[in-house]
């Protein structure tokens, strides 16, 4: 069965995360069989008000990824929700990869 362009992009994003893990966060598919649902963790940066904090979120990708952004759920802090919402709603670009979310 051929992979969709969304699946190919998600596999590419996962490979980037595995090869060059981003600092201060992690993200992985929830299942090896379904690349459209991911879990991510953001660790509060040192020497900031969020130091020591951990925020979890769930990313749900559609068949139209990367043309359309993923849906993101379960951010703990209101400020983070506002920032992420602004990025995803108003500034989404096809070239944004999962590590940048």
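Length gained on full extension, residue 11 to residue 41, computed as 0.36 nm times the residue gap minus the Cα-Cα distance: 8.9 nm.
For the peptides 17-25, 35-43, the ranking by mean Cβ contacts within 10 Å, running from highest to lowest, is 35-43, 17-25.
Read the figures in this text as sums done on the coordinates, not as results from a lab. Computed from a prediction, not measured in an experiment: that's the story for all the values here. Reconstructed Cβ throughout: ideal geometry from the backbone, glycine too, with neighbour counts over all protein chains shown.
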